[in-house]
1. Of the conditions (1) closer than 17 Å to ALA320 by Cβ; (2) at pLDDT below 95; (3) within 16 Å of ligand 2 (Cβ to nearest atom), CYS213 fails just one. Which one is it?
2. Is it the case, given these coordinates, that ASP231 is among the charged types (D, E, K, R) and within 12 Å of ligand 1 (Cβ to nearest atom)?
3. When you look at ALA320, is it within 16 Å of ligand 2 (Cβ to nearest atom) and more than 13 Å from THR251 (Cβ to Cβ), yes or no?
4. Let me spell it out: the conditions are (1) without any contact (Cβ under 8 Å) to a residue 12 or more places away in the chain; (2) within 16 Å of ligand 1 (Cβ to nearest atom), and LEU127 meets all of them except one. Which number is the exception?
5. Among the residues that make up region 176-190, is at least one of them more than 16 Å from ligand 2 (Cβ to nearest atom), assigned to a helix (DSSP H, G or I), at pLDDT 95 or above and charged (D, E, K, R)?
6. Can you tell which of PRO272, PRO217, PRO232 is in contact (Cβ under 8 Å) with a residue 40 or more places away in the chain, in a loop (DSSP other than H, G, I, E, B) and within 30 Å of GLN28 (Cα to Cα)?
7. With respect to ARG257, determine if the residue is of a type in the set (Lys, Arg) and within 16 Å of ligand 1 (Cβ to nearest atom).
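The values are calculated or read from the model by the stated rules, or taken from the named source; none is laboratory data. Treat the numbers as computed from the prediction; the structure is a model and nothing was measured. No Cβ is skipped: glycine too gets one built from the backbone with ideal geometry, and neighbour counts run over all protein chains shown.
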Amino acid sequence: MGRKLMTILLVLSLTLAGCVLPGKKRQQYQAAYLDVFDTVTSISAVSDSEDVFREQAEQIHSQLLEYHRLFDIYNDYEGMNNLKTVNDSAGAAPVAVDGEIIRLLKDCRDYYELTGHAVNVAMGGVLFLWHEARTAGLEDPDHARLPEEAALREAAAHTDWASVEIDEEAGTVYLSDPRLRLDVGAVAKGWSAQRAAEKAPEGFLISVGGNVCATGPKDGSGTPWVVGITDPDGGEGYLHTLYDTDSAIVTSGDYQRYYEVDGKRFHHIIDPQTLYPAERFRSVTVICGDSGLADALSTALFILPQPEGEALAKKCGAEAMWLDTEGNRFYTDGFEDWICQ
Ligand code: ADP
Ligand code: MG
């Protein structure tokens, strides 16, 4: 995660080098925040006033912060029912929630169907076991262990969307299976970035943990933003840099969050079929008009066989690039139109 972010920040700071545009006093500004979705958020725009930019960036930031609280499954916030409240009330009672939670969960249900069940945010029980094992393994690497196979199987028996009862009229969500848990980590950053981008002024680049979303070219003459795709093997290099004016660019990779057990890396994208980390790819990048969909697709394409993923990308009007574990690269037909380098 950190590395991906650093990469994007680096590209942003490179574009900052020539920040004063000829003949004008307009300048590129950037604001970074560390308190949203446990990752780095950066907001950039060209503006003729730093004060105006700061205020606009702060508005975007506070909207993202609100989503962070609503979609948090680990912390309670005073005066607010969030997804933790929904999880804690599983099997007990419907929970009155903010309309944005309902909107997100309906989209998640669509992503579940669209991706042939590869992306299932109702798989929170399984993801929780991996989260626990990873956290413990990172704290005490000598005793790092995998989740118990039996526990994974048991949790996987409680991931059915029929038990996620969304009542739009009442404004409630009820998990009728007491063992089911929601975890929207696969889509929350991209989905929230999309909502923020829809409200943001034109010409902003919003990156939430590397889920990048542009709201127009970065200046009046149509100059595109440049976004780097991290090389999973590190170093300063990128797999590519891409031009972006008004699309979302989202990457899922095995290098973002992982731990090691007996020298083998176990990352955080879990194949619902095997209940273990998906092993086909090192990194998948998706370009798409909607950042929420791009985030769901990046996770799905990381899990699915490449031809299936390619068909799905096509169906969604998205472009994608895959890097497999042997270093082979695959591209959808239109991806190259976006490549800067
Ligand atoms: P990142 O959050 O690092 O950008 P992703 O968008 O691919 O990466 O999302 C990974 C997160 O999504 C994991 O931390 C986990 O909480 C969740 N997740 C992993 N596998 C799945 C899956 N098959 N379906 C739904 N959520 C998943
Ligand atoms: Mg994702």
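1. Failed condition: (2).
2. no
3. no
4. Condition not satisfied by LEU127: (1).
5. Keep residues of region 176-190 that are more than 16 Å from ligand 2 (Cβ to nearest atom), which gives 176-181.
Those still in the list that are assigned to a helix (DSSP H, G or I) too: none.
Within region 176-190, not a single residue is more than 16 Å from ligand 2 (Cβ to nearest atom), assigned to a helix (DSSP H, G or I), at pLDDT 95 or above and charged (D, E, K, R).
6. Only one candidate passes the filter, namely PRO232.
7. So ARG257 fits the description; yes.
Results for (1) crowded, with 18+ Cβ neighbours inside 10 Å; (2) within 25 Å of ASP110 (Cα to Cα); (3) under 20 Å from the mean Cα position of the chain (by Cα), shown as yes or no for each residue.
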| residue | (1), (2), (3) |
| --- | --- |
| THR285 | yes, yes, yes |
| ASP290 | yes, yes, yes |
| LEU293 | yes, yes, yes |
| GLU308 | no, yes, no |
| LEU312 | yes, yes, yes |
| GLU319 | yes, yes, yes |
| GLY327 | no, no, no |
| PHE330 | no, no, no |
